[in-house]
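Have a look at the structure below before the remarks.
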Amino acid sequence: MKRIQSLTLFLGLAATLMTASCSKEYLNPNAASDVSVLGSPKGLMGVAVGVQRTYALSIHPSMMSAVGLTTGETFVLNIGNISEANLFNGGASVDGNNGLLGSIWISNCKAIYDANTVLAGAQNLNDAGYRSGLIGYASIFKALAIGNLSMLWENIPDTIGAPVSAPTKFITRAAGYARAVATIDKALAAISAAPISTLFNSDLPAGVDIVNTLQALRARYNLYAGNITGAQAAANAVDLTKTSVLNYESLNPNPVFINVTSSNNVYAPIDSTLGLPVGIRPDLTDARIPFYTSIAATGTPRFRMNGFWNSATRSIPLYLPDEVRLMRAECLLRQTTPDPAAAKTIIDAVLQQTAASDPLGVGANLAAGYTGATDAASLLTEVYRNRCIELYISSNKLEDMRRFGRANAEMKRRNMPYPFRERDNNPNTPADPTF
């Protein structure tokens with residue numbers, strides 16, 4: 001990622017010692033330098049960049065793996081990858097000892113903890129424009145981390161870094177999404193009060209659009225929490241001509257390409273159906289299929305990873321413009337008085353879009369658009385279908401399956417068991433879900 005190397009002086013703080021449970025304190029081995037690092041704009045920026053780096057290189061790829069295997073978007077290539085194989089098998093094969101889920105739990109808790117450190121430190125800065133930039137930037141990754149936990153678990157920790165003597169209690173995933181939205185709302189208010197400064201933007205890693213990302217995530221998590229009015233307002237505020245991405249480079253390569261695509265030894269796309277069942281599978285002429293997958297000339301598997309994971313320096317988006325469009329359409333269909341005609345217009349635009357006309361190069365290129373029934377229920381199914389195609393392996397599908405009422409038979413698990421490392425250290429850990 002660009003400009004990360006210039007901030008390596010501060011990344012030691014961003015990599016503070018992790019403990020076995022979110023109920024334990026995160027101790028800082030560099031405590032002697034806390035005052036100088038956390039009291040300066042550059043020091044706080046270093047911590048924030050460290051959060052992005054962890055998210056880009058570890059958290060996001062892990063979420064892709066876990067959700068893709070659980071929802072049937074991908075399948076395991078090497079059963080020696082025990083955690084991944086168990087997620088693909090699903091059901092009782094997934095327990096609290098799953099290493100991938102344990103890593104996701106801890107790394108997202110750590111991202112929230114570090115983001116909170118930045119948010120607290122930013123309040124003491126005199127430069128209002130730098131302060132608002134830090135608040136907006138750290139809030140992106142705090143919201144993403146809260147959202148990740150909420151997408152996989154029925155309940156998430158209420159606080160991060162609580163002492164062992166007073167282990168954290170838990171809140172519902174709906175409350176988690178609401179908390180992610182509240183984090184974003186505070187950030188947008190700070191930016192509105194003091195626009196982000198040029199100096200901050202010069203320190204910001206290239207590719208991240210703070211305001212549009214905040215609005216896109218605000219729409220996403222409001223929608224997941226069932227707040228249709230809030231989701232609609234946020235989705236309408238996103239500039240669809242802009243993108244926001246995680247950039248990679250030779251020193252920090254795209255981890256999905258390095259570990260999955262190029263190795264061909266972890267998981268692969270299930271096939272051209274992208275894991276969708278009969279009745280809502282992609283049209284075989286849908287150009288998003290060859291965008292996200294490629295066909296091997298020889299050998300197995302036949303379908304390989306493509307899209308945002310086809311080179312070491314390929315960027316991965318924080319959100320897609322057409323995700324926002326589809327959220328707008330969904331909100332029109334879920335509001336008190338649905339507007340199927342307006343929703344269909346948006347769906348047609350998504351289906352008819354060419355790759356050349358999309359800022360990220362994703363386009364279905366289906367000139368006919370949507371040709372099915374135009375009642376609200378049918379159009380909602382079409383929204384779901386297109387979200388599964390457009391947001392392929394983005395880690396959003398499991399939440400979508402629950403929200404759109406898909407059958408348990410279409411997924412390997414509906415909710416994840418809590419990591420043993422949390423249960424062993426926190427008596428407040430809820431009971432595991434049955435499926």
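The values are calculated or read from the model by the stated rules, or taken from the named source; none is laboratory data. Here the structure is a predicted model, which means the values were calculated and not measured. Heads up, the Cβs are rebuilt from the backbone with ideal geometry, glycines too, and the neighbour counts pull from every protein chain shown.
Check whether at least one residue in the range 67-79 is surrounded by fewer than 18 Cβ atoms within 10 Å (Cβ to Cβ), of a type outside the set (Ser, Thr, Tyr) and touching a residue at least 12 places away in the same chain (Cβ under 8 Å), and report yes or no. Yes, because at least one residue in the range 67-79 is surrounded by fewer than 18 Cβ atoms within 10 Å (Cβ to Cβ), of a type outside the set (Ser, Thr, Tyr) and touching a residue at least 12 places away in the same chain (Cβ under 8 Å).
Quick grid of which residues meet (1) at pLDDT 95 or above; (2) among the aliphatic types (A, V, I, L, M):
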| residue | (1), (2) |
| --- | --- |
| Thr293 | yes, no |
| Thr298 | no, no |
| Arg302 | yes, no |
| Met305 | yes, yes |
| Asn310 | yes, no |
| Thr313 | yes, no |
| Glu323 | yes, no |
| Cys331 | yes, no |
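Highlighted here would be strands (runs of 3 or more DSSP E) found entirely within the range 72-175 that include at least 2 residues which are modelled with pLDDT under 95 and among the polar types (S, T, N, Q), but there are none. Of the residues examined, Thr336 is not one that is modelled with pLDDT of 95 or more, of a type in the set (S, T, N, Q) and in a helix (DSSP H, G or I).
Quick check: is even one residue across the range 350-357 in contact with a Pro (Cβ under 8 Å, 6 or more places away or on another chain), in contact (Cβ under 8 Å) with a residue 24 or more places away in the chain and within 22 Å of Arg218 (Cα to Cα)? Among the residues of the range 350-357, not one is in contact with a Pro (Cβ under 8 Å, 6 or more places away or on another chain), in contact (Cβ under 8 Å) with a residue 24 or more places away in the chain and within 22 Å of Arg218 (Cα to Cα), which makes the answer no. The single condition among (1) crowded, with 19+ Cβ neighbours inside 10 Å; (2) hydrophobic (A, V, I, L, M, F, W, C); (3) touching a helix residue (DSSP H, G or I) at 6+ places or on another chain (Cβ under 9 Å) that Ala162 does not satisfy is (3). Taken over the range 218-234, the criterion of being closer than 19 Å to Thr172 by Cβ and either modelled with pLDDT under 95 or not in a loop (DSSP other than H, G, I, E, B) (or both) is satisfied by Arg220, Tyr221, Asn222, Leu223, Tyr224, Ala225, Ile228, Gly230, Ala231.
Which of the residues that make up the range 178-237 are among the charged types (D, E, K, R) and surrounded by fewer than 19 Cβ atoms within 10 Å (Cβ to Cβ)?
Asp185, Lys186, listed by residue number.
Scanning the range 128-137 for residues that are over 16 Å from Gly46 (Cβ atoms) and surrounded by fewer than 24 Cβ atoms within 10 Å (Cβ to Cβ) yields Ala128, Gly129. Among the numbered conditions (1) part of a loop (DSSP other than H, G, I, E, B); (2) on the phi < 0 side of the Ramachandran plot; (3) loosely packed, with under 15 Cβ neighbours inside 10 Å, the only one that Ala356 does not meet is (1).
Residue by residue, here is whether (1) within 17 Å of Tyr224 (Cα to Cα); (2) surrounded by fewer than 21 Cβ atoms within 10 Å (Cβ to Cβ) holds:
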{"residue": "Tyr370", "(1), (2)": "no, no"}
{"residue": "Ala377", "(1), (2)": "no, yes"}
{"residue": "Val383", "(1), (2)": "yes, no"}
{"residue": "Tyr392", "(1), (2)": "no, no"}
{"residue": "Asn396", "(1), (2)": "yes, no"}
{"residue": "Arg402", "(1), (2)": "yes, yes"}
{"residue": "Gly405", "(1), (2)": "yes, yes"}
{"residue": "Glu410", "(1), (2)": "no, yes"}
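Matching residues to (1) more than 20 Å from Met401 (Cα to Cα); (2) among the hydrophobic types (A, V, I, L, M, F, W, C); (3) free of Cβ contacts under 8 Å to residues at least 60 places away in the same chain:
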position	(1), (2), (3)
Leu188	yes, yes, yes
Asp209	yes, no, yes
Tyr224	no, no, no
Asn227	no, no, yes
Ala231	no, yes, no
Ser250	yes, no, no
Val256	yes, yes, no
Asp271	no, no, yes
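For the range 235-250, residues that are among the polar types (S, T, N, Q), at pLDDT 95 or above and in a loop (DSSP other than H, G, I, E, B) total 4.
For beta carbons closer than 6 Å, sequence separation of 6+ or different chains, a first residue in the range 289-302 that is surrounded by fewer than 20 Cβ atoms within 10 Å (Cβ to Cβ) and among the small types (Gly, Ala, Ser) and a second that is assigned to a strand (DSSP E or B) and modelled with pLDDT of 95 or more, the qualifying pairs are Ser294/Arg304; Ala296/Arg304. Residues in the range 394-435 that are among the small types (Gly, Ala, Ser) and farther than 19 Å from Ser65 by Cα: Gly405, Ala407, Ala409, Ala431.
Inside the range 412-435, residues that are touching a Gly at 6+ places or on another chain (Cβ under 7 Å) and outside any loop (DSSP other than H, G, I, E, B) make up a count of 3.
For every residue, the table says whether it meets (1) more than 17 Å from the chain's Cα centre (by Cα); (2) of a type outside the set (Ser, Thr, Tyr).
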{"position": "Thr313", "(1), (2)": "yes, no"}
{"position": "Glu323", "(1), (2)": "no, yes"}
{"position": "Ala341", "(1), (2)": "yes, yes"}
{"position": "Lys344", "(1), (2)": "yes, yes"}
{"position": "Ala349", "(1), (2)": "yes, yes"}
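Would you call Thr213 free of Cβ contacts under 8 Å to residues at least 40 places away in the same chain, within 30 Å of Tyr384 (Cβ to Cβ) and among the polar types (S, T, N, Q)? No; evaluated as a whole, the condition is false for this residue.
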